[in-house]
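Before any comments, here is the structure.
Read-outs: derived from the displayed coordinates by stated rules, not from any lab. No experiment lies behind these values; they were computed from the predicted model shown. Positions of Cβ are generated from backbone atoms using ideal geometry, with glycine treated the same way; all protein chains shown enter the neighbour counts.
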Amino acid sequence: MIRSMTGFGAGRGATAGEEIDVEVRSVNHKYCEVKVRLPRELASLEQEAVRVVKDCLARGGVDVSVRRTALGGSVAPQVDVALAESYARAFAEVQARLGLPGAVTLGDVLSAEGVIRLAERAVDVEGARSALATALGAALDALVAMRAREGEALARDLESRLGVVEASVARVAELSPRVVEQQRRRLAERIAELTGGVALDPARLVQEIALFADRTDVAEEITRLRSHVAQARVLLAGSDPAGRKLDFLVQEMHREVNTIGSKSQSAELASLVVGLKAEIERMREQVQNVE
């Protein structure tokens with residue numbers, strides 16, 4: 001069954017130190033274009049994420065948003081041991097020179113400026129990679145499921161329109177021979193009127209009708225239209241991405257109908273052609289959303 005190109009999915013993954021949330025949105029696009037927005041500290045994982053998305057989706061403009069939460073906090077205290085040692089020696093030296101009582105304590109050293117500072121916790125890249133893979137996989141599963149549901153609705157609509165096209169083509173096939181016969185009668189009546197009842201040359205009349213029939217023959221166009229409808233139905237029922245092929249078939253249908261219109265010599269056929277063009281145009285709009 002065909003799939004739509006529009007959809008949304010979200011997923012979450014976590015390891016001992018990293019939690020990753022992913023949201024994936026997709027819209028119509030001629031190709032598969034993926035944009036991944038990652039936290040700065042996870043920028044190295046961008047190409048991996050893009051590859052995973054492209055392995056899963058054939059077409060669509062895909063936007064991937066990644067949010068990271070460091071379990072245990074994003075900052076951690078860091079001690080400048082060398083600076084602490086310098087402070088301890090300096091405090092001890094001042095105490096000895098001045099003959100002050102007491103001793104230098106740990107609290108004295110730790111409270112000195114610059115000994116302890118808060119710094120961003122180091123990223124567990126491997127943990128983040130594992131969490132991202134889990135979250136992205138879940139988000140893509142949800143996205144594909146939504147695109148499949150949308151695809152079912154698209155398939156039903158397109159199948160219905162193919163039925164309308166098929167019925168109209170059958171009507172064109174039924175009317176076309178009648179148009180030739182109507183033209184033969186009109187031509188015979190017109191000639192009789194202009195010649196005042198003088199006998200006609202049957203061979204000449206047959207020749208004129210044959211030329212008219214050749215100019216207005218739409219048998220080939222009808223055969224191709226029916227073939228295009230059958231191929232479209234096969235694509236709708238298949239499991240492979242079919243958007244581009246369906247787009248091509250719809251264009252070909254439109255071309256065949258245009259040719260029939262140019263050969264049309266009756267008001268009823270012209271009306272059928274207008275209806276066919278409108279239905280095929282609606283199909284073309286729908287096909288733009290098929291993966």
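A compact table of results
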quantity: Loop-located GluC sites (Glu not before Pro) in region 16-116 whose Cβ has at most 12 other Cβ within 10 Å (DSSP); calculated: Glu113
quantity: Formal net charge of residues neighbouring Val169 (Cβ-Cβ distance under 12 Å; K, R +1; D, E -1); calculated: -2
quantity: Cα-projected label distance for Asp55 with Arg244, points at 7 Å along beta-carbon direction, nm; calculated: 2.1 nm
quantity: Residue order, fewest to most beta carbons within 10 Å, for Arg37, Arg171; calculated: Arg37, Arg171
